[in-house]
Amino acid sequence: MAYSEKVMDHFANPRNVGEIEDADAVGEVGNPKCGDIMKMYLKIDNNIITDVKFKTFGCGAAIATSSMATELVKGKTIEEALKVTNKAVMEALDGLPPVKVHCSVLAEEAIKAAISDYYQKNGINPEPIVGKVGSCCHEDAPCPCSMDK
Amino acid sequence: MERFVYADNSATTPIIKSVIDEMLPFLEVKFGNPSSLYSIGREAKRAVECARERVAACIGANPAEIFFTSGGSESDNWAIKEMAYYQMKKGKNHIITSNIEHHAVLHCVQTLAKRGFDVTYIKVNQNGIVDPIDVENAITDKTALVSIMYANNEIGTIQPVDDIGRICRARNVPFHTDAVQAVGHIKIDLSKQNIDMLSLSAHKFHGPKGVGALYVRKGIRINSFIDGGAQERGKRAGTENTAGIIAMAAAIEHACKDIESKSQKITDMRNRIISELLKIEKSRLNGDLDKRLPGNINMCFEGVEGESLILKLDMEGICASSGSACTSGSLDPSHVLLAIGLPHEIAHGSLRLSLSELNNQEDADYIIEKVPKVVSELRKMSPLWEKIKKGEKYYGV
Ligand SMILES: Cc1ncc(COP(=O)(O)O)c(C=O)c1O
């Protein structure tokens, strides 16, 4: 399994790591049982994501996709951020090994979870807009987090 | 990168210079086929037979009990499958093994299970050790084979193979042990141990990859493995890997010379690293501290994930490995870490460092400096770490 140079760069020098104390929205996805959790903090001003930070527990790809996802949504409107797909994250990183594709899904979900939180805080039901945000994205394979479900 | 430290000797080892010097002539000058009648063929044949004696002498075996193979996986496959099929003809269809075996053993046994064998997996205790009594209790008159590893490749635990061997001998059940991680690292004397078959692999003791041996005690009947020419007394056909076999003999001789004092030195270095790294908050040692391979260190650091730990250490010049799901290529962390009772959440954060005689105190110092640094960097970006530090439960129910 080999990572692209971009992935290694974002792993070695992750962009936007940390927390935002007075964040307008926070989203957390993943499950420690599966070995990856992403937490994303957003600062939103006038419908625009003015600042974004993340914290991730996970493999190299999980850290790199979180970092790239924050880059892709920074300065964007909420609507634009919702259009950032796992594919876009993957392409921006020059691809991921097949077993790591779920990390990019997790990154997409982290953005969505944070935006859902934002809608909720503003009295808007996020589900019709954002859809359901899962906490596990190992849909294509048996996953330890579903073993006790 | 201030330094390069190779600390993954359980994965493989570099070949030492004296071993290369011994093997090179057999690639270039003395390249003859050992089955050929002319001089360079005869010379190759003599060297292969001499290598058989040298390997045998290092483990207390007779040369006639050593069969050369392509490595540990082949030796395991041969011993387990062919013994099972041989025994099946006598109506025996039960195999006993442990739940911490290498995949080379586990997958053989799983194949046999699909072909009608019953398998008992002996569970290790939380220190990663098999209880011989459990083996004794599992034996029935249908038992065809017991296969329990000599030392574990992940957590380094040394199994009570002498006791297990005694039990198997008393019950007349053949006993195989995968000693790939043990040979050349701890003293083995098969003339005093009740081991019927033993697998070893050269690249784990500073020999080349792709060559190993299966020891089969005199009097133990087993099917041949590869059909073809008459090599290896008709049991394992194929033109011998002459250079590899000679290198293995040179390497095992080197490894077994002063083995006790060398392993004590490595053990001391290992213990120093373990005690320093245990000072890291929320860390633990996996596997028994005493019944342990000299060079093995296996620890978990809560709140970090193994693959990113390995990548970060690589950036510092340290080669190590992990039993996390991401490094195992599946979604589950290593079966060995789960077998000793670790929850998935903690097993994901494992680190294995394995030392050899080529490591020195400066390497140990460097590891002691860099591991805490890297763990702390990863924890700083881990959303779990805040919870762990506050003592909040982040796993289980
Ligand atoms: C315990 C154990 N058994 C078997 C093997 C396989 O040996 P080889 O790589 O020579 O096939 C290994 C090495 O990875 C091992 O550690």
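Summary of computed values
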{"item": "All positions within segment A:34-87 that are of a type in the set (Val, Ile, Thr), part of a strand (DSSP E or B) and touching a Pro at 6+ places or on another chain (Cβ under 9 Å)", "result": "A:Ile37, A:Thr56"}
{"item": "Subset of segment B:109-121 that is within 16 Å of the ligand (Cβ to nearest atom) and β-branched (Val, Ile, Thr) - its residue that is surrounded by the most Cβ atoms within 10 Å (Cβ to Cβ)", "result": "B:Val109"}
{"item": "Residue tally, condition assigned to a loop (DSSP other than H, G, I, E, B) and in contact with a strand residue (DSSP E or B) (Cβ under 8 Å, 6 or more places away or on another chain), over segment B:262-294", "result": "8"}
{"item": "Check on B:Leu106, within 13 Å of the ligand (Cβ to nearest atom) and either hydrophobic (A, V, I, L, M, F, W, C) or open to solvent by 20 Å² or more (accessible area, probe 1.4 Å) (or both)", "result": "yes"}
{"item": "Yes/no for B:Thr97 being polar (S, T, N, Q) and either in contact with a helix residue (DSSP H, G or I) (Cβ under 6 Å, 6 or more places away or on another chain) or within 11 Å of the ligand (Cβ to nearest atom) (or both)", "result": "yes"}
{"item": "Per-region count, segment B:126-165, residues touching a residue at least 60 places away in the same chain (Cβ under 8 Å), surrounded by fewer than 23 Cβ atoms within 10 Å (Cβ to Cβ) and over 18 Å from the mean Cα position of the chain (by Cα)", "result": "1"}
{"item": "Members of segment B:199-216 that are open to solvent by less than 10 Å² (accessible area, probe 1.4 Å) and within 9 Å of the ligand (Cβ to nearest atom)", "result": "B:Ser199, B:Leu200, B:Ser201, B:Ala202, B:Val211, B:Gly212"}
{"item": "Among residues of segment A:37-55, those that are away from every other protein chain (no Cβ under 14 Å) and touching a helix residue (DSSP H, G or I) at 6+ places or on another chain (Cβ under 9 Å), counted", "result": "6"}
{"item": "Only listed residue being of a type in the set (Gly, Ala, Ser), on the phi < 0 side of the Ramachandran plot, out of contact with any Leu (no Cβ under 9 Å at 6 or more places or on another chain) and away from chain A (no Cβ under 14 Å), chosen from B:Ser261, B:Ser354, B:Ser283", "result": "B:Ser261"}
{"item": "Cross-chain or 6+ apart pairs with Cβ under 7 Å, segment A:81-107 first and on the phi > 0 side of the Ramachandran plot, then surrounded by fewer than 21 Cβ atoms within 10 Å (Cβ to Cβ) and of a type outside the set (Asp, Glu)", "result": "A:Asp94/A:Ser4; A:Asp94/A:Lys6; A:Gly95/A:Ser4"}
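The values are calculated or read from the model by the stated rules, or taken from the named source; none is laboratory data. The shown structure was predicted, so the numbers you read here are calculated from the model rather than taken from an experiment. Methodologically, a virtual Cβ is constructed for each residue, glycine included, from the backbone with ideal geometry; neighbour enumeration extends over all protein chains shown. Please note that ligands, DNA and RNA were not included when accessible areas were found on the heavy atoms of the full protein model with its side chains. Shrake-Rupley method; radii C 1.70, N 1.55, O 1.52, S 1.80 Å.
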